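K.L.:
Below is a structure I'd like to ask you about.
Please treat every number below as a calculation from the coordinates, not as lab data. Only a predicted model underlies this, so the values are computations on that prediction, with no experimental measurement involved. Here Cβ is always computed from backbone atoms with ideal geometry, including for glycine, and neighbour counts include all displayed protein chains.
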Amino acid sequence: MPVISMFYGVIVLMYYFDNRKHHQPHIHIQYGDEEAVVSIPDGGVIEGSIRSAKLKLVQAWIEIHRDELMANWVLAVNGQPIFKIDPLR
């Protein structure tokens, strides 16, 4: 599962061929022992949990990089290489 970005201890990942379970564009977030699946279109938590302060950072990052995330999503569900996205600074 490729890491597409890391910031403030948050690791953002995107799986290949990962459109079967959740049926919507999403990313996987890890922070310490916490994990969540977050929707790209609206930033909502689909599965899991992550502390609210880190979720807010992820949601801000999604807002800034939504177009890049959606481009990566299309590549990933088709099994093509995805690209890194700048971290939140």
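K.L.:
Go ahead and set up a Gaussian network model of the chain, Cα springs under 10 Å, then flag whichever of Ile29, Ile50, Ile64 fluctuates most.
P.N.:
Among Ile29, Ile50, Ile64, the largest mean-square fluctuation in the Gaussian network model of the chain belongs to Ile64.
K.L.:
If you stretched the chain out fully between Arg51 and Ile11, how much longer would it get, using 0.36 nm times the residue separation minus the C-alpha to C-alpha distance? All intermediate terms of the calculation are to be shown ahead of the outcome.
P.N.:
Numbers: separation 40, 0.36 × 40 = 14.40 nm, distance 1.36 nm.
Computed gain between Arg51 and Ile11 is 13.0 nm.
K.L.:
Okay, moving on. In sequence order, what are the phi-derived ³J(HN,Hα) couplings for the range 4-14 according to the Karplus relation 6.51 cos²θ - 1.76 cosθ + 1.60 with θ = phi - 60°, rounded to whole Hz, with x for glycine and proline?
P.N.:
Values, residue by residue: 9, 6, 9, 7, 6, x, 8, 10, 10, 10, 9 Hz.
K.L.:
Related question: Can you give me the long-range amide H partners of Ile4? Hydrogens built in the peptide plane at 1.01 Å from N, cutoff under 5 Å, separation of 5 or more residues or another chain.
P.N.:
Result for Ile4 returns Val12, Leu13, Met14.
K.L.:
In the chain, which chymotrypsin sites (Phe, Trp or Tyr not before Pro) fall in coil by DSSP and have 13 or fewer other Cβ atoms within 10 Å?
P.N.:
Filter output for the chain: Tyr8, Phe17, Phe83.
K.L.:
Quick check: residue separation of Val77 and Ile64 times 0.36 nm, minus the Cα distance between them. What number comes out in nm? If you can, show how the numbers build up before the last one.
P.N.:
Values: separation 13, 0.36 × 13 = 4.68 nm, distance 2.17 nm.
Fully extending the segment from Val77 to Ile64 adds 2.5 nm.
K.L.:
Amide H of Glu35 versus every other amide H placed in the peptide plane: which residues, excluding those fewer than 5 positions away on the same chain, fall under 5 Å?
P.N.:
Those lying under 5 Å, H to H, from Glu35 are Ser49.
K.L.:
Output ³J(HN,Hα) for the range 23-30: one whole-Hz value per residue in order, computed from phi by the Karplus curve 6.51 cos²θ - 1.76 cosθ + 1.60 with θ = phi - 60°, and x for Gly and Pro.
P.N.:
6, 7, x, 7, 10, 10, 10, 10
K.L.:
Another question, then. Apply the Karplus parameterisation 6.51 cos²θ - 1.76 cosθ + 1.60, with θ equal to phi minus 60°, to every residue of the range 54-67 and state each ³J(HN,Hα) to the nearest whole Hz, in sequence, with x for glycine and proline.
P.N.:
Karplus values, whole Hz, x for Gly and Pro: 6, 4, 4, 5, 4, 5, 5, 5, 4, 4, 5, 10, 4, 4.
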